[in-house]
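Chemist: Following this message is one structure expressed as structure tokens.
Quick note: the coordinates plus some simple rules give every number you see, no bench work behind them. Everything quoted here is computed from the prediction, not taken from an experiment. Every residue, glycine as well, gets a Cβ built from its backbone with ideal geometry; the counts of neighbours run over all protein chains shown.
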Amino acid sequence: MEVHHHSHTERKKWTHYFWEFFMLFLAVSAGFLVENQREHYVEHKRAKVYAANLYKELKEDTAELSHLMSWTLTLSKRYDTLRKLYTENEGGTTNGKLYYFSSVLGITGYFSSSSSTLEQLKSSGNIRILPTDIALKISYYDKKLRMLESDYTFFRTEFETIIGLSLKIFDGNIAADLFSRHRDEKFRDSVFQLDPPLLNDDPRLMKELMGWVRMEGQWWRNSINEHLMPLNKIASLLIIALKKEYHLE
């Protein structure tokens, strides 16, 4: 009769299990680190593309803002001139002068940012991949843009009121004839000598218009100090920060 003996497998020491676990841990950790590094690299490349586009668009914004600040100041001065011509009743004031300076009432100039990249960063949530200081500046720039647009919305309503009043006072046909010619200093002086009739010379109507003219002249000046200058400043700071962080030219 054969007798079979059970073979006894030698039990593994605890250190063996420890090293198995440790090696598995290292493999998982290494994979995680590699994936994390790859993701970081991809995000950095994406951030640099955003930064380069934003940098270019902000330079366009600052150029437009600088031009608009100068233009807006000139516009506000023409508002002031029109008001003074009427309220101070300066000697030699003719209807020709009033017609000439009333042309300012139909002029507006609004700032609109060139930065489509800003909207992309907001909608995609990718603003998070940018450095914190740059992200904060972008958020502040966006906030100032929205504040400006809110002010523009309010102004457009007032602008319609001014246009409505001016069309009741100044004859549109006469104005069209006067300003269909080339405008230079000689043209201006010739218009000043004219005395074309007003469509309505009711002093109460003119007084109401000039009240609006005074307010709008001040509004244009305020828009420089409260909106355009701060926007230009933060855009300039962003340009410097982006250039330094991403080595842009």
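Chemist: Using 0.36 nm per residue of separation minus the Cα-Cα distance, give me the extension gain between Ala52 and Gln120 in nm, one decimal. Walk me through the intermediate numbers first.
Modeler: Details: separation 68, 0.36 × 68 = 24.48 nm, distance 1.34 nm.
Here the answer is 23.1 nm.
Chemist: Continuing with the same structure: Which whole-Hz couplings ³J(HN,Hα) result when phi for each residue of segment 203-217 is put into the Karplus expression 6.51 cos²θ - 1.76 cosθ + 1.60, θ = phi - 60°, listed in order with x for Gly and Pro?
Modeler: The phi angles translate into x, 5, 5, 5, 5, 5, 4, 5, x, 5, 4, 4, 5, 6, x Hz.
Chemist: On to the next question. How high is the relative contact order of segment 153-249, given as a whole-number percent (alpha carbon pairs under 8 Å, six or more residues apart)? If you can, show how the numbers build up before the last one.
Modeler: On the way: 24 pairs, mean separation 31.2, N = 97.
Normalised by residue count, the contact order of segment 153-249 is 32 percent.
Chemist: Calculate, in nm to one decimal, what Lys244 and Asp133 gain on full extension: separation in residues at 0.36 nm each, minus their alpha carbon distance.
Modeler: Result for the pair: 38.7 nm of gain on full extension.
Chemist: Convert each backbone phi in segment 162-168 into a coupling constant with the Karplus relation 6.51 cos²θ - 1.76 cosθ + 1.60 (shift: θ = phi - 60°), then list the ³J(HN,Hα) values in order as whole Hz, x for Gly and Pro.
Modeler: 4, 4, x, 5, 5, 6, 7
Chemist: Sticking with the crude label model, points 7 Å out along Cα→Cβ, report the distance from Thr87 to Trp71 in nm, one decimal please.
Modeler: So the label points at Thr87 and Trp71 sit 2.7 nm apart.
Chemist: Considering only DSSP states other than H, G, I, E and B, which chymotrypsin sites (Phe, Trp or Tyr not before Pro) in segment 52-133 qualify as loop sites with at most 16 other Cβ atoms within 10 Å?
Modeler: Sites meeting the loop and neighbour criteria: Tyr110.
Chemist: Relative to a virtual label point 7 Å from the Cα of Arg204 in the Cα→beta-carbon direction, which members of segment 75-89 show backbone nitrogen distances below 20 Å?
Modeler: 87
Chemist: Subtract the Cα-Cα distance of Asn225 and Leu237 from 0.36 nm times their separation in residues, and report this length gain in nm to one decimal. Before the final figure, lay out the partial values.
Modeler: Working: separation 12, 0.36 × 12 = 4.32 nm, distance 1.74 nm.
Value of the extension gain: 2.6 nm.
Chemist: Another one. For Tyr152, what is the net charge nearby, where nearby means another residue's Cβ is under 11 Å from its Cβ and Lys, Arg count +1, Asp, Glu -1? Mind showing how you got there, number by number?
Modeler: Numbers: positive: Arg146, Arg156; negative: Glu149, Asp151, Glu158.
Neighbour charge sum, excluding Tyr152 itself: -1.
Chemist: Excluding Tyr79 itself, what net charge comes from residues whose Cβ is under 13 Å from its Cβ, given Lys and Arg +1 and Asp and Glu -1?
Modeler: +3
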